[in-house]
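A short write-up of the structure that comes next.
The values are calculated or read from the model by the stated rules, or taken from the named source; none is laboratory data. This structure is a prediction, so every number in the text was calculated from the model and none was measured. FYI the Cβ positions are ideal-geometry reconstructions off the backbone, even for glycines, and counts take in every protein chain you see.
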């Protein structure tokens, strides 16, 4: 059998276009047991990637600071080779962190077993000094530096480094015990395949995976209520609701790759969730190249979907939001003040209008806007779309809606974290088109909520803003939003941010 490219086979487009119904797709909420389990996992956890990333920076700081202290002790405060010594110490510290990374010393398994990795850490530190000495010799600079100073730094820094590793080992073990640092996984599909998968994962030493339960559409005859000690919490449809409540990191599908139709049925439902989706490959007859797999310990997984804007990307995007939101508030504060006064003078009622909308992972958030309608005619649910010459809109409201000034208070939403500056625009919870909710019009609509919604977005600068009076407009906006999610980068965000004022000059669809 020919090899199959998993990235192509289960692309978002393939999943969205698959029309086969899933067995057991029935309405209804979660059962009480599933809801209780979900409530136990509401709290966010620390990502192992983030922890190891922060440790890299801390260890660089420890190595650099210890080197400077030794330099100050022997030489004084920048009395000799005032910039050469600090630069050399910084370069050696950076090189050590890189070599520790290359030698897998920042993997969770290594961090939990510092004594077992004592030799490797010592070898890396010694290798750093060997490379530093070789460089100094090649550049004919070795005579300028003190051997005693660097010998002392070698000992002091290694003691500090290894001491920090011992402390981190205790902290990571404690975080693993209390659930503060773990990857939460749900098994999709029950029966014997799920049991074999769970046993394989549990056999991995120092495993950071916590299995929260099993979801399967099949009846108890084909899929027992308890598998390897874990309960079957419900159907695949109920898993969607479960993942809206619990902070789940990963869905592991325990079905063979050869069951393509069934796998696609599951993915058609599950891809809207902001989680990593993996297909268990430990029992598949098809064999791919090693680079096609990711691993939980030694258990191979095929990566189907990754959670978008995760770990350090989310840190960068949050920093982007804070910086540019503050700039926006400062720059537009005169406009916002003038708008508030105009609204007050024009009609009775509050200056700001709060509307409940869908946020990240379908959470309900309150979005701020300048009030543009008469208070007694406002429509917080947005069931009735605002149309051209809508009598509910005030005189000032027509101007601020046309120019999008009514959206300026959302800079504060972005600053406080309920919105991002750039992302899919959030729609009101009850927003409708021809008496149909948006998610009833567009299959996979809720995939827009895999990231935090934005004040502006890719769809808006491409003309898909304003009244959503046709199903085609909703579909096109969703397509542009999904393109943004699948192709996100900070440069993409900057492009959208700087194009937004230009594209807002086109007010054709803004009423």
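If we scan region 333-341, do we find a residue that is surrounded by fewer than 18 Cβ atoms within 10 Å (Cβ to Cβ), touching a helix residue (DSSP H, G or I) at 6+ places or on another chain (Cβ under 6 Å) and in contact (Cβ under 8 Å) with a residue 60 or more places away in the chain? For region 333-341, residues surrounded by fewer than 18 Cβ atoms within 10 Å (Cβ to Cβ), touching a helix residue (DSSP H, G or I) at 6+ places or on another chain (Cβ under 6 Å) and in contact (Cβ under 8 Å) with a residue 60 or more places away in the chain: absent.
Residue-by-condition table, conditions (1) more than 31 Å from the chain's Cα centre (by Cα); (2) modelled with pLDDT of 95 or more:
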| site | (1), (2) |
| --- | --- |
| 111 | no, no |
| 139 | yes, no |
| 149 | yes, no |
| 162 | yes, yes |
| 173 | no, no |
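Considering (1) over 30 Å from residue 275 (Cα atoms); (2) assigned to a helix (DSSP H, G or I), the lone condition that residue 314 does not fulfil carries the number (1). Would it be correct to say that residue 394 is surrounded by fewer than 18 Cβ atoms within 10 Å (Cβ to Cβ), at pLDDT below 90 and assigned by TED's automatic domain parsing to the domain that holds residue 474? Against the criterion (surrounded by fewer than 18 Cβ atoms within 10 Å (Cβ to Cβ), at pLDDT below 90 and assigned by TED's automatic domain parsing to the domain that holds residue 474), residue 394 does not qualify.
Residues in region 188-210 that are over 19 Å from residue 266 (Cα atoms) and touching a helix residue (DSSP H, G or I) at 6+ places or on another chain (Cβ under 8 Å): 5 in all.
If I filter region 419-436 down to residues being over 19 Å from residue 362 (Cβ atoms) and at pLDDT 65 or above, which single residue comes out as surrounded by the fewest Cβ atoms within 10 Å (Cβ to Cβ)? Out of the qualifying residues, it is 421. The condition of being in contact with a helix residue (DSSP H, G or I) (Cβ under 6 Å, 6 or more places away or on another chain), under 13 Å from residue 63 (Cα atoms) and not assigned by TED's automatic domain parsing to the domain that holds residue 203 holds for only one of 91, 157, that being 157. Within region 192-230, being out of contact with any strand residue (DSSP E or B) (no Cβ under 6 Å at 6 or more places or on another chain), surrounded by fewer than 19 Cβ atoms within 10 Å (Cβ to Cβ) and touching a residue at least 60 places away in the same chain (Cβ under 8 Å) holds for 196, 203, 204, 205, 206, 207, 218. Would you confirm whether or not region 171-182 contains a residue that is under 30 Å from residue 91 (Cβ atoms) and out of contact with any strand residue (DSSP E or B) (no Cβ under 8 Å at 6 or more places or on another chain)? Yes: one or more hits.
Among the residues making up region 76-87, a single one is without any contact (Cβ under 8 Å) to a residue 60 or more places away in the chain and touching a helix residue (DSSP H, G or I) at 6+ places or on another chain (Cβ under 7 Å): 86. Does residue 86 satisfy being surrounded by 13 or more Cβ atoms within 10 Å (Cβ to Cβ) and outside any helix (DSSP H, G or I)? No; evaluated as a whole, the condition is false for this residue.
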